[in-house]
Amino acid sequence: VSGSGSGNGSGEVNNIEYTAQRIHQARIEKRQFRFGFAGYSVTTGRGNYFNQSFPFVMERILEPSMKALGIKWSVVNAGIGGVPSFPYGLCLDNFLGKNPDVVFWDFAMNEANDSVEGFEAYIRRVASLNTSKDVAPMLLVRDTMAANRTMMLQKYVNVGALIDPIVVHTDPAVDPFLEIDEASRPIGFRDWREFGAPPNAPGKSRHHPAKNEHEFIGYVMAMHFLAALELLAAADMGLYQLKPLPQRSGLAAPVNANDNKSSSPWTSILLGNPKNDTYWDLKPVQCRTSFDPILEGNLKDILISKNVEDTMDIMLPKGPMVYNAGWVLDLGDAEKRAKQKLDRYGGLGFLDSKKAYYGVHASGVIEFFLPSREMSSVIVCESNENRNSMSCNMKTDASYSIGGALVEDEDISAIDTIGFTYLGRSICVHIAVPSKATVTTNDKSMNNESITGAGSKGFVLAVAVKSKRIRSKAQSCNVSHLIWL
């Protein structure tokens, strides 16, 4: 995606020059230049070893040059198999850590038909990160149906919200080589569908890149940063003058706003609200999640219920007696089966896990303490799974109270925005905080006192399965993410 120009000597600056300045800025501040890779099973490298995934391929290519220039840096691959863009996109601090310099997301399969609705919400969230810095993070996107989403991204470059994003679409570069006889191809394009994991290991699906494709994607990404490092090296030798980063622009009005969605109660959380005639304001949110891998913000940290079983091995089966006694930290059945298959091969290095707190009608109430002195909205999300029509509906089968006030049914909305659904199913509900909800001082023992200890001000969120038909794990409700503002 092009920035303000081609960088051809006419005073215009291209995105490689901006990236060089970003890296230089991290070096003079004596901090890490931080890459945060988010995405789903392609990003994690399913079908291969975790360390063969393209984020780590790129890391290995850049390592010598980064070291030679005295740059501290880190690469986090926080991909999780089979996740939509949200609620992940509201919890970037949890998965990637605060103030990343580069944020990656893979839209190749997450939103079908080149949809821009969820993508725009993701862009706006990334553009609103790192408010203490001169610029928003660099956005790096992998996309195979990229026409409309690339145009959307270009519009945000044109208004200055992003300055140097990149869309990686490797198929046009690869396809001509794959049409050549195997023996005549360049060596990197041979055995194109040979995966890195042992024979019969899971994950070798048609939509998952094999080992050489991960190598290729990693090389393509590394080329941009190597070009930026060349400019930085030239600047160190006095042969080139680094271009300053542009002044950070405010967030413009959404490109894709429409009358239908503008009335949804969660729209302001995704797109923001008008700040004045020119700019919009997107408020930061707080998030806690039970998913892994995370760097901060574990859902367990704000759990105050005692009727929770979270000490048993998560891979063990748990019968009705366990669920009838309280909520249970567990995995969905399909997720557990997938992990069992991986365990036969030592796990292949993967870190991702879609744990959640599961409950049935007999489990009672699970309570969380949400630290905040003011609150208008809470989003409760379940683990995204392939569930049938008899499974829990978080809007109709669960009840919620916030700050001691019961939430009325009309104040609970299933979020149906593209990017917030999984296999056509809403996985999150938006809850309007009742006017009678009261701030309280936490006087209960917390799992992490250093984060949210006794004496903190906030609201107690209580969740219960109100439907008596929800009696087994197969039907159970679950909580994996809490987001509030």
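The values are calculated or read from the model by the stated rules, or taken from the named source; none is laboratory data. Being a predicted model, the structure only gives us computed values, none of them experimental. Because the Cβ atoms are built from the backbone with ideal geometry, glycine has one as well, and the counts that use them run over all protein chains shown. For accessibility, only protein heavy atoms count, side chains too; no ligands or nucleic acids. Shrake-Rupley method; radii C 1.70, N 1.55, O 1.52, S 1.80 Å.
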query: Of the residues in the range 168-189, how many are closer than 18 Å to ILE217 by Cα and part of a loop (DSSP other than H, G, I, E, B)?
result: 4
task: Please tell me if LEU351 is under 27 Å from the mean Cα position of the chain (by Cα), at pLDDT 95 or above, among the hydrophobic types (A, V, I, L, M, F, W, C) and surrounded by fewer than 22 Cβ atoms within 10 Å (Cβ to Cβ).
output: yes
Residues that are open to solvent by 30 Å² or more (accessible area, probe 1.4 Å) and either without any contact (Cβ under 8 Å) to a residue 40 or more places away in the chain or more than 25 Å from ASP343 (Cβ to Cβ) (or both), drawn from the range 289-309: GLU296, LYS306, ASN307, GLU309
statement: The condition from (1) without any contact (Cβ under 8 Å) to a residue 60 or more places away in the chain; (2) in a loop (DSSP other than H, G, I, E, B) that HIS208 misses is numbered (1)
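Listed here are the residues, each with its yes/no results for (1) modelled with pLDDT of 90 or more; (2) open to solvent by 70 Å² or more (accessible area, probe 1.4 Å); (3) among the charged types (D, E, K, R).
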{"residue": "ASN384", "(1), (2), (3)": "yes, no, no"}
{"residue": "SER391", "(1), (2), (3)": "yes, no, no"}
{"residue": "THR396", "(1), (2), (3)": "yes, yes, no"}
{"residue": "VAL407", "(1), (2), (3)": "yes, no, no"}
{"residue": "LEU423", "(1), (2), (3)": "no, yes, no"}
{"residue": "SER435", "(1), (2), (3)": "yes, yes, no"}
{"residue": "ASN442", "(1), (2), (3)": "no, no, no"}
{"residue": "LYS457", "(1), (2), (3)": "yes, yes, yes"}
{"residue": "LYS468", "(1), (2), (3)": "yes, yes, yes"}
query: Using beta carbons and a limit of 8 Å, which pairs, at least six apart or on different chains, have the first residue in the range 70-87 and more than 14 Å from VAL42 (Cβ to Cβ) and the second one of a type in the set (Lys, Arg) and open to solvent by 20 Å² or more (accessible area, probe 1.4 Å)?
result: GLY70/ARG27; ILE71/ARG27; LYS72/ARG27; LYS72/LYS30; LYS72/ARG31; TRP73/ARG34; SER74/ARG34; VAL76/ARG34
query: In the range 26-58, what count of residues is obtained for those that are open to solvent by 50 Å² or more (accessible area, probe 1.4 Å) and either touching a residue at least 24 places away in the same chain (Cβ under 8 Å) or under 29 Å from GLY346 (Cβ atoms) (or both)?
result: 6
field: Residue within the range 298-315 that is of a type in the set (Lys, Arg), over 28 Å from GLU374 (Cα atoms) and assigned to a loop (DSSP other than H, G, I, E, B) present
entry: no
Given (1) in contact with a Phe, Trp or Tyr (Cβ under 6 Å, 6 or more places away or on another chain); (2) open to solvent by less than 50 Å² (accessible area, probe 1.4 Å), index of the condition PHE195 fails: (1)
- prompt: Can you tell me which residues in the range 154-164 are out of contact with any Phe, Trp or Tyr (no Cβ under 8 Å at 6 or more places or on another chain) and not small (Gly, Ala, Ser)?
  reply: GLN154, LYS155, TYR156, VAL157, ASN158, VAL159
